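The structure appears right after this line, and notes come after that.
The values are calculated or read from the model by the stated rules, or taken from the named source; none is laboratory data. Small disclaimer: the values here were computed from a predicted structure and weren't measured. Note that each Cβ is placed from the backbone with ideal geometry, even for glycine, and that neighbours are counted across all protein chains shown. The area values use the complete protein model at the heavy-atom level, side chains included, leaving out ligands, DNA and RNA. Shrake-Rupley method; radii C 1.70, N 1.55, O 1.52, S 1.80 Å.
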Amino acid sequence: MTDVVFIGPSLPADEVGRLLPDAVVLPPVAHGDLLRLDVAPGDRVLVIDGFFLQHPPVRHREILDLLDRGVTVAGAASMGALRAAELWPFGMRGVGEVFRLYRDGVVTGDDEVAVVHGPAEEGHRALSVPLVNIRVALRRAVTAGVLTDDEAGLLLDISRDLPFRRRSYRALERSAPPEAATVVGRFLTWHRQDPCDAKSADARMLLSMAATNAPELCPAGTDDKPIDNLHTRFLDSWRSRFAGESVGGHWASDREAAAVLMLLHPESAAWHRRAVLAGLAEVDVADPTVEERASDVARRRGLTGAPPSGWDWLTDRERSLDDREAVLRVMVRAFGTTPHRSLALWMVAPPLRTQALLSAARQVAATAASLNETLIPRMAGHRRSGGRLHFRTEVVDACFARLWGCDTDELEAAAWDRGFVDLASFRYAAEPLVAYVKAFGSPRLPAVGTRAQDNTLAGSAARVG
């Protein structure tokens with residue numbers, strides 16, 4: 001069993017190692033991080049801290065995906081408590097006081113757990129105090145007889161009015177009106193003698209429960225609500241964008257591997273055509289009668305004669321093709337293309353999805369990324385942080401027209417034949433590979449063997465988008 005812990009300002013990373021030895025400790029979770037994990041049923045993902053402003057926050061559907069796969073997901077303290085309060089009916093486990101406050105509707109604003117913190121090099125050290133910590137401290141003061149309910153409510157309102165970046169006990173003292181100065185002084189004197197940090201306490205509780213294999217941290221089961229309608233195009237797109245492997249220090253995503261295979265493999269167009277036609281004819285992609293069977297489907301559906309609605313998928317030169325070939329090309333392009341945001345491995349023809357080809361494609365993607373890092377513009381003698389030079393549209397088009405042996409005015413049709421719905425989608429996927437092609441030419445990707453389809457990741461049946 002593997003434990004993965006996402007931690008930041010709520011608790012020092014070395015304390016995680018003390019409480020839960022052998023855990024994989026990662027920075028605060030952000031959108032896409034869960035999709036990168038190599039976890040399986042029985043593993044546990046413990047979410048404590050997460051980004052929400054600097055980076056897009058972790059999506060609910062990413063957590064549901066792990067739950068659906070039999071991975072235990074539990075949260076506490078900060079982003080983990082927030083997401084657990086939203087997803088506990090579906091099997092995400094929540095631990096601690098902050099979780100209960102959200103689950104019971106006492107706290108509703110996500111700003112209550114927000115803090116300003118330092119960089120990773122400084123251990124994400126907290127530079128402000130989350131409102132939920134102040135809230136819990138005020139409640140404890142009421143229980144101890146230090147404050148009345150009305151006094152605690154007054155101090156909570158003052159704290160709530162502060163921007164989350166400025167919240168602290170010192171800011172509370174400075175922001176309080178003169179008539180509340182005595183109340184604030186009484187509270188802070190008591191708090192300094194008996195300080196509490198609700199988020200840190202909850203984080204420790206979650207880690208301690210994991211270390212003792214507490215039964216509360218069990219996988220989602222029959223007592224939880226079923227997870228329906230999980231696999232949408234959004235989740236598929238996120239998985240393609242974020243899932244992948246690290247190659248030479250560069251993360252090569254599934255989307256990048258798919259782009260390499262679709263754009264640079266010399267057999268891509270031929271196998272894409274066969275895969276789309278096989279899907280329409282409901283036969284195996286290796287069936288030698290694929291085109292005949294697809295033509296039969298076209299005839300049964302009344303698509304013979306290259307109907308006017310199909311002319312948009314043909315170039316001027318292709319309109320002189322015989323009816324059979326024209327219809328087959330229209331079918332491939334109409335049913336086998338997709339926008340770049342949906343680019344994923346399933347779009348790659350099954351015979352090109354062997355482990356050997358995927359590994360080679362990831363290597364090309366990583367090398368291309370390394371080359372692109374050298375395309376950083378210099379501004380006044382200094383490198384601009386973030387961003388690089390990008391190749392102009394005409395350079396991208398000329399590069400791939402030359403690679404594919406076609407004229408630039410035929411480039412869109414060539415892109416259709418490889419699965420791209422338009423030139424914009426093609427250029428989005430192709431531009432990161434231009435530097436590689438200019439430096440090395442077409443990569444020597446493994447050829448498709450006669451039995452390559454037996455080793456594909458997704459089987460031999462084609463999927464048509």
- Task: Kindly indicate whether any position in region 225-244 is in a strand (DSSP E or B), touching a strand residue (DSSP E or B) at 6+ places or on another chain (Cβ under 9 Å) and open to solvent by 10 Å² or more (accessible area, probe 1.4 Å).
- Result: yes
- Note on the structure: Exception for P119 within (1) open to solvent by 40 Å² or more (accessible area, probe 1.4 Å); (2) in contact with a helix residue (DSSP H, G or I) (Cβ under 8 Å, 6 or more places away or on another chain) falls at (2)
- Item | Single residue of D284, D296 found to be more than 17 Å from F420 (Cβ to Cβ), open to solvent by 20 Å² or more (accessible area, probe 1.4 Å), of a type in the set (D, E) and in a helix (DSSP H, G or I) | D296
- In region 1-52, residue most open to solvent (accessible area, probe 1.4 Å) [restricted to those that are farther than 16 Å from L67 by Cα and among the small types (G, A, S)]: A13
- Message: Could you check region 393-429 and list, in sequence order, the residues that are of a type in the set (G, A, S) and in a loop (DSSP other than H, G, I, E, B)?
- Response: G405, G419
- Quick one: is V73 of a type outside the set (S, T, N, Q), closer than 30 Å to R233 by Cα, in contact with a His (Cβ under 7 Å, 6 or more places away or on another chain) and open to solvent by less than 10 Å² (accessible area, probe 1.4 Å)? no
- Item | A214, sole failed condition from (1) open to solvent by less than 70 Å² (accessible area, probe 1.4 Å); (2) within 27 Å of D65 (Cα to Cα); (3) of a type outside the set (D, E); (4) in contact (Cβ under 8 Å) with a residue 40 or more places away in the chain | (4)
- Evaluate region 76-90: report whether one residue or more is of a type in the set (S, T, N, Q) and either in a strand (DSSP E or B) or open to solvent by 30 Å² or more (accessible area, probe 1.4 Å) (or both). no
- Query: Got a number for residues in region 402-450 being under 27 Å from the mean Cα position of the chain (by Cα) and at positive phi?
  - Reply: 1
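Quick grid of which residues meet (1) open to solvent by less than 30 Å² (accessible area, probe 1.4 Å); (2) modelled with pLDDT of 90 or more:
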{"residue": "E292", "(1), (2)": "no, yes"}
{"residue": "A306", "(1), (2)": "yes, no"}
{"residue": "L314", "(1), (2)": "yes, yes"}
{"residue": "D322", "(1), (2)": "no, no"}
{"residue": "R329", "(1), (2)": "no, yes"}
{"residue": "T337", "(1), (2)": "yes, yes"}
{"residue": "S359", "(1), (2)": "no, yes"}
{"residue": "V364", "(1), (2)": "yes, yes"}
{"residue": "L375", "(1), (2)": "no, no"}
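For the condition within 19 Å of L357 (Cβ to Cβ) and crowded, with 19+ Cβ neighbours inside 10 Å, what is the one hit in A270, A258?
From the options A270, A258, the qualifying one is A258.
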- With the condition kept exactly as written, say whether any residue in region 318-332 is of a type outside the set (A, V, I, L, M) and within 25 Å of V396 (Cβ to Cβ). yes
- Task: Determine whether region 158-168 contains at least one residue that is touching a Gly at 6+ places or on another chain (Cβ under 9 Å) and loosely packed, with under 15 Cβ neighbours inside 10 Å.
- Result: no
